[in-house]
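Colleague: Pasting in a structure now, in structure tokens, and then I'll have a few things to ask.
The values are calculated or read from the model by the stated rules, or taken from the named source; none is laboratory data. Here the structure is a predicted model, which is why all the values come from computation and not from measurement. Positions of Cβ are generated from backbone atoms using ideal geometry, with glycine treated the same way; all protein chains shown enter the neighbour counts. Accessible surface is based on the protein model in full, side chains and every heavy atom, while ligands, DNA and RNA are left aside. Shrake-Rupley method; radii C 1.70, N 1.55, O 1.52, S 1.80 Å.
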Number of protein chains: 2
Amino acid sequence: MRIDNLQYANWSEKIFRQLREGGVDAIHVTIAYHENFRETVLNFEKWNRWFEQYPDLIMKGQGASDIDVARETGRTAVFFGFQNPSPIEDDIGLVEIVHTLGARFMQLTYNNQSLLATGCYEAEDMGITRMGKQVIKEMNRVGLVVDMSHSGDRSTIEAADLSERPIAITHANPHSWSPALRNKKDDVIRAVTQNGGMLGFSVYPHHLKDKGDCTLESFCEMIARTAEQFGAEHLGIGTDLCQDQPDSIVEWMRVGRWTKEIDYGEGSASAPGFPDMPHWFRDNRDFGNIENGLLATGLSEDEVAGIMGRNWYNFYAENFSPRG
Amino acid sequence: MRIDNLQYANWSEKIFRQLREGGVDAIHVTIAYHENFRETVLNFEKWNRWFEQYPDLIMKGQGASDIDVARETGRTAVFFGFQNPSPIEDDIGLVEIVHTLGARFMQLTYNNQSLLATGCYEAEDMGITRMGKQVIKEMNRVGLVVDMSHSGDRSTIEAADLSERPIAITHANPHSWSPALRNKKDDVIRAVTQNGGMLGFSVYPHHLKDKGDCTLESFCEMIARTAEQFGAEHLGIGTDLCQDQPDSIVEWMRVGRWTKEIDYGEGSASAPGFPDMPHWFRDNRDFGNIENGLLATGLSEDEVAGIMGRNWYNFYAENFSPRG
């Protein structure tokens, strides 16, 4: 079983077919960065059209059992998430509404301060806000998973402790391996995993040691060391694959509508666009490379199967339904 | 089994308890008259709160099987509908979105011309519009029932013929019994019922012979005659009960935001408010009166059971799910 717990591709029939070629049973796709509620609904509508147009390749995922259906019918189950709480605006009632529409992950922040928490690019992290505490409780109630991939350390640790259900860092790597601002320090990973949460390893070059030149061996050794430290059952994949996107999209991700100036985020003025992917992971057909690389590190077959998909499957099974 | 296929009460714990006292297993409630999409979502949110607050009295209804669950657990299943297509704005993609959120009936018009069809108060009825034809097809696909209660005759007959699934007049009576503008002529009722559709009888005084002075006997005899003419299996109840609503609400229903002048609709300058209900149907505890009145007409027990609930149950079972 293969699950990729974060992608933001420029979706097309070509990519849907590559998902099948790569044996990807489920993906979690981002459908909002800065979109408000109504704009997010347009993105749900876009996926409804794709489900109608490509019923043999993809299907809407709502719970883990949909992954079983997808496997039995040779399709990929698509689960939805937001990298920012902008879709719920200032309205806690929208938490249940977006869950009903199919959202299963929501980041409390995307780099900046939000109404709920502090993003990892702010100079100060004031932790979970008053509204943030209420929204975490509501997310726990309905089965919308708290994702802290782009949040500050303090906010992430507080979210892991406040949340009564496990949370996730869907796409990031350990800071100790590659000290990017977006990668996570050990105490952050510990707070998430010791409460039953998950860390998804990213293949986005800015999160890799030596960026696009990172070797498959280094990436897989890093995963093996993280498994020793925090337990293999808390680990999965969240590639952050942004296949076929034009550079205007990475600018939208970074800048949205919150500034009139350019913000280069993890890029720079000399390299503002999407970075080149490592040669061993160019698209969804390359998951076999990661699986073989993990087996070569000495991780057991069972551990590798968990990291490649079963751990996310189990997490979905526990955390996507209303509580009780 | 008792199902009331249209109410627009000022909902409260008191009314939810009266639904239980009256043995009402399911209701279809209006949650939009003139609301746009975002405003309609606020109304879904309001119901989500009530479901959370009164889990022993009410539950969200999505399919006929939810009525079985409601009966087994002593609750009322609440199904949602719109009396106007305003919630889908000019966006056909919203048809599936509102269905996902729980909408199961949508009127193509509310008295006036809409983007989809002509309302019963317009001087001319131009039939189903270009967008209307597309939206009927999409409603058929997802399982959102076309309701023509407030539409013009030509639009209703065209909708019944264009729709590939049965449609409904959720709340109206035969024009031959009481010639109100909102009541339906025989050829309209025939077009709906001969295609498998349903007519729900209204107890709203403006739709009754002699308004609030209408006798239970007259109402029930009218139903018995309609059963002879069109078949009892196509008939149900849709009281249009607007319990505990202030008169400002009937003004909102009639005027919305489409005019700066007052429109009295079925009322008049001298009687602009909600009319008084007949003494034999004041609230949800009075369904027994209608049931007994129907049995007194000579309709069989089986026919009466169908009209009081089973016919709507069967209609829900066939028409609320995506096709195929």
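Colleague: In this structure, is residue B:5 under 30 Å from residue B:134 (Cβ atoms) and more than 14 Å from chain A (Cβ to nearest Cβ)?
Modeller: Numbers: under 30 Å from residue B:134 (Cβ atoms): yes; more than 14 Å from chain A (Cβ to nearest Cβ): yes.
It is true that residue B:5 is under 30 Å from residue B:134 (Cβ atoms) and more than 14 Å from chain A (Cβ to nearest Cβ).
Colleague: So, in region B:168-210, exactly how many residues are in a loop (DSSP other than H, G, I, E, B), of a type in the set (Lys, Arg) and open to solvent by 20 Å² or more (accessible area, probe 1.4 Å)? Working first, answer last.
Modeller: We begin by selecting, within region B:168-210, every residue in a loop (DSSP other than H, G, I, E, B); these are B:170-173, B:175-183, B:185, B:195-197, B:202-204, B:208-210.
Okay, now just the ones that are also of a type in the set (Lys, Arg), so B:182, B:185, B:209.
Pick out the ones that are also open to solvent by 20 Å² or more (accessible area, probe 1.4 Å) and you get B:185, B:209.
Count: 2.
Colleague: I've got another one for you. Kindly evaluate residue A:229 against the criterion of being over 14 Å from the mean Cα position of the chain (by Cα) and either assigned to a loop (DSSP other than H, G, I, E, B) or of a type in the set (A, V, I, L, M) (or both). Talk me through it step by step, then tell me what you get.
Modeller: On the way: over 14 Å from the mean Cα position of the chain (by Cα): yes; either assigned to a loop (DSSP other than H, G, I, E, B) or of a type in the set (A, V, I, L, M) (or both): no.
Criteria not met by residue A:229.
Colleague: Could you tell me which residue of region A:96-127 is farthest from the other protein chains (Cβ to nearest Cβ), considering only residues that are open to solvent by 20 Å² or more (accessible area, probe 1.4 Å) and among the hydrophobic types (A, V, I, L, M, F, W, C)?
Modeller: A:123
Colleague: Would a scan of region B:66-82 turn up a residue that is under 26 Å from residue A:52 (Cα atoms), more than 14 Å from every other protein chain (Cβ to nearest Cβ) and surrounded by fewer than 19 Cβ atoms within 10 Å (Cβ to Cβ)? I'd like the intermediate steps shown before the answer.
Modeller: Going through region B:66-82, the residues under 26 Å from residue A:52 (Cα atoms) turn out to be B:79-82.
Then drop every residue that is not more than 14 Å from every other protein chain (Cβ to nearest Cβ), which leaves B:79, B:81-82.
Filter once more, keeping what is surrounded by fewer than 19 Cβ atoms within 10 Å (Cβ to Cβ): none.
No, there is no match, as no residue in region B:66-82 is under 26 Å from residue A:52 (Cα atoms), more than 14 Å from every other protein chain (Cβ to nearest Cβ) and surrounded by fewer than 19 Cβ atoms within 10 Å (Cβ to Cβ).
Colleague: Could you say which residue among A:74, A:22, A:81 is modelled with pLDDT of 95 or more and out of contact with any Leu (no Cβ under 9 Å at 6 or more places or on another chain)? Steps first, please.
Modeller: Values: A:74 fails: out of contact with any Leu (no Cβ under 9 Å at 6 or more places or on another chain); A:81 fails: out of contact with any Leu (no Cβ under 9 Å at 6 or more places or on another chain).
The unique qualifying residue is A:22.
Colleague: Mind checking which pairs have a first residue in region B:104-117 that is within 7 Å of residue B:85 (Cβ to Cβ) and a second that is aromatic (Phe, Trp, Tyr), Cβ under 6 Å, 6 or more apart or different chains?
Modeller: B:106/B:82
Colleague: Would you mind stating whether residue B:46 is within 14 Å of chain A (Cβ to nearest Cβ), open to solvent by 40 Å² or more (accessible area, probe 1.4 Å) and basic (Lys, Arg)? Break it down stepwise before answering.
Modeller: Values: within 14 Å of chain A (Cβ to nearest Cβ): yes; open to solvent by 40 Å² or more (accessible area, probe 1.4 Å): yes; basic (Lys, Arg): yes.
It is true that residue B:46 is within 14 Å of chain A (Cβ to nearest Cβ), open to solvent by 40 Å² or more (accessible area, probe 1.4 Å) and basic (Lys, Arg).
Colleague: Considering every residue within region A:157-167, establish whether at least one is under 19 Å from residue A:37 (Cβ atoms), acidic (Asp, Glu) and not in a strand (DSSP E or B). Outline the logic, then answer.
Modeller: Here is the first cut: in region A:157-167, the ones under 19 Å from residue A:37 (Cβ atoms) are none.
No - not one qualifying residue is present in region A:157-167.
Colleague: State yes or no: is residue B:38 within 14 Å of chain A (Cβ to nearest Cβ), basic (Lys, Arg) and more than 22 Å from residue B:246 (Cβ to Cβ)? Don't jump to the end; show me each part of the working.
Modeller: Numbers: within 14 Å of chain A (Cβ to nearest Cβ): yes; basic (Lys, Arg): yes; more than 22 Å from residue B:246 (Cβ to Cβ): yes.
Taking the combined requirement at face value, the residue satisfies it.
Colleague: Residue A:38 versus (1) without any contact (Cβ under 8 Å) to a residue 40 or more places away in the chain; (2) within 23 Å of residue A:286 (Cα to Cα): which is the lone unmet condition?
Modeller: In the conditions (1) without any contact (Cβ under 8 Å) to a residue 40 or more places away in the chain; (2) within 23 Å of residue A:286 (Cα to Cα), residue A:38 misses (2) alone.
For (1) part of a helix (DSSP H, G or I); (2) in contact with a Gly (Cβ under 6 Å, 6 or more places away or on another chain); (3) touching a residue at least 40 places away in the same chain (Cβ under 8 Å); (4) crowded, with 18+ Cβ neighbours inside 10 Å, each residue gets a yes or a no:
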site: A:273; (1), (2), (3), (4): no, no, no, no
site: A:276; (1), (2), (3), (4): no, yes, yes, no
site: A:282; (1), (2), (3), (4): no, no, no, no
site: A:292; (1), (2), (3), (4): yes, no, no, no
site: A:311; (1), (2), (3), (4): yes, yes, yes, yes
site: A:316; (1), (2), (3), (4): yes, no, yes, yes
site: A:321; (1), (2), (3), (4): no, yes, yes, no
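Colleague: Turning to a different aspect of this structure: Considering only region A:63-92, how many residues are over 24 Å from residue A:112 (Cβ atoms), more than 16 Å from the chain's Cα centre (by Cα) and not basic (Lys, Arg)? Reasoning before the result, please.
Modeller: Just the residues of region A:63-92 that are over 24 Å from residue A:112 (Cβ atoms), to begin with: A:63-79.
Of the ones still in play, those that are also more than 16 Å from the chain's Cα centre (by Cα) are A:63-76.
Now restrict to residues that are not basic (Lys, Arg): A:63-70, A:72-74, A:76.
So the answer is 12.
Colleague: Scan region A:232-271 for residues that are part of a helix (DSSP H, G or I) and within 28 Å of residue A:197 (Cβ to Cβ) and report the count.
Modeller: Taking region A:232-271 first, the residues part of a helix (DSSP H, G or I) are A:232-234, A:247-255.
When the remaining residues are screened for being within 28 Å of residue A:197 (Cβ to Cβ), the result is A:232-234, A:250, A:253-254.
Number satisfying all stated conditions: 6.
Colleague: Would you mind telling me which numbered condition in (1) away from chain A (no Cβ under 14 Å); (2) over 30 Å from residue A:42 (Cβ atoms) residue B:53 fails?
Modeller: (1)
Colleague: What number of residues within region A:15-30 are more than 15 Å from residue A:237 (Cα to Cα) and touching a residue at least 60 places away in the same chain (Cβ under 8 Å)?
Modeller: Final tally of qualifying residues: 4.
Colleague: Turning to a different aspect of this structure: Considering region A:8-34 alone, what residues qualify as being within 14 Å of another protein chain (Cβ to nearest Cβ) and more than 17 Å from the chain's Cα centre (by Cα)? Don't jump to the end; show me each part of the working.
Modeller: So in region A:8-34, the residues within 14 Å of another protein chain (Cβ to nearest Cβ) come out as A:31.
Result: no residue meets the conditions.
Colleague: Give the number of residues within region A:227-271 that are open to solvent by 40 Å² or more (accessible area, probe 1.4 Å) and either in contact with a Leu (Cβ under 9 Å, 6 or more places away or on another chain) or among the basic types (Lys, Arg) (or both).
Modeller: Counting residues in region A:227-271 that are open to solvent by 40 Å² or more (accessible area, probe 1.4 Å) and either in contact with a Leu (Cβ under 9 Å, 6 or more places away or on another chain) or among the basic types (Lys, Arg) (or both) gives 3.
Colleague: Looking only at residues that are buried (at least 24 other Cβ atoms within 10 Å of the Cβ) and in contact with a His (Cβ under 9 Å, 6 or more places away or on another chain) in region B:83-95, which one is nearest to the other protein chains (Cβ to nearest Cβ)?
Modeller: If we take residues in region B:83-95 being buried (at least 24 other Cβ atoms within 10 Å of the Cβ) and in contact with a His (Cβ under 9 Å, 6 or more places away or on another chain), then B:84 is nearest to the other protein chains (Cβ to nearest Cβ).
Colleague: Does residue A:302 satisfy the condition of being open to solvent by 10 Å² or more (accessible area, probe 1.4 Å), outside any helix (DSSP H, G or I) and of a type in the set (D, E, K, R)?
Modeller: Values: open to solvent by 10 Å² or more (accessible area, probe 1.4 Å): yes; outside any helix (DSSP H, G or I): no; of a type in the set (D, E, K, R): yes.
Answer is no for this residue.
Colleague: Please find, within region A:219-238, the residue that is nearest to residue A:19 (Cα to Cα) out of those that are touching a Phe, Trp or Tyr at 6+ places or on another chain (Cβ under 7 Å) and of a type in the set (Val, Ile, Thr).
Modeller: Restricting to residues being touching a Phe, Trp or Tyr at 6+ places or on another chain (Cβ under 7 Å) and of a type in the set (Val, Ile, Thr), the top hit is A:237.
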